[in-house]
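Rule-based calculations on the coordinates, nothing more; no lab input. Owing to the predicted nature of the structure, the values given are computational and were not obtained by experimental measurement. Neighbour counts are summed over all protein chains in view; Cβ atoms, including those assigned to glycine, are modelled from backbone coordinates with ideal geometry.
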């Protein structure tokens, strides 16, 4: 046991996201990475076709990551997490290239969108906890000159996130108002997760 952690083994994080890893590390939560590869776009398309909304899709993707890994690591707590971006009912995925990134930025310009961050904790193919939190981000009106300068500054990193931005980098310049906690925006509902881990007994309460 170290710090606040009382679990018999570290958490297993079914994600390669540096932002999620950083949040857990900063909170003093020991974890191991066991990423699972899923076809997020295919899953999203199927869920949209069935009438699911952005919140439901974020949660479904989180389950799709946590459950397979929990089956491979019986007895371990496994976290799956994912995020969806929704602008007035339209879902945004990771841009396929710079032209797609520019189109996303132009669509977000001057409008407010939502980020839904889902989290699922599973053990042995059983879901123990799941939640979705939301943040609202208001993008200022972006000039063509700014978009061009931003894309040059951000480089290919902007292709790794829906909406073509990360607020922990140059993407912070896109916004004039943000409602929601920092962890949600980075893709992990950390406060609800910590509450669960205390109640479950893995964290000192």
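Within the set 20, 47, 6, the sole residue that is over 25 Å from residue 91 (Cα atoms) and either surrounded by 15 or more Cβ atoms within 10 Å (Cβ to Cβ) or touching a residue at least 40 places away in the same chain (Cβ under 8 Å) (or both) turns out to be 6.
Just one of (1) more than 17 Å from residue 17 (Cβ to Cβ); (2) touching a helix residue (DSSP H, G or I) at 6+ places or on another chain (Cβ under 8 Å); (3) crowded, with 16+ Cβ neighbours inside 10 Å; (4) touching a residue at least 12 places away in the same chain (Cβ under 8 Å) fails for residue 56. It is (4).
Of the residues screened, residue 70 is one that is crowded, with 21+ Cβ neighbours inside 10 Å and either outside any helix (DSSP H, G or I) or in contact with a strand residue (DSSP E or B) (Cβ under 7 Å, 6 or more places away or on another chain) (or both). Among the residues making up the range 74-91, those that are over 24 Å from residue 5 (Cα atoms) and in a loop (DSSP other than H, G, I, E, B) are 88, 89. When the strands (runs of 3 or more DSSP E) confined to the range 92-190 are screened for residues that are surrounded by 21 or more Cβ atoms within 10 Å (Cβ to Cβ) and in contact with a strand residue (DSSP E or B) (Cβ under 7 Å, 6 or more places away or on another chain), those reaching at least 2 such residues are found at 112-123, 126-139.
Taken over the range 131-153, the criterion of being closer than 17 Å to residue 186 by Cα and either touching a residue at least 60 places away in the same chain (Cβ under 8 Å) or touching a helix residue (DSSP H, G or I) at 6+ places or on another chain (Cβ under 9 Å) (or both) is satisfied by 131, 132, 133, 134, 135, 137, 139.
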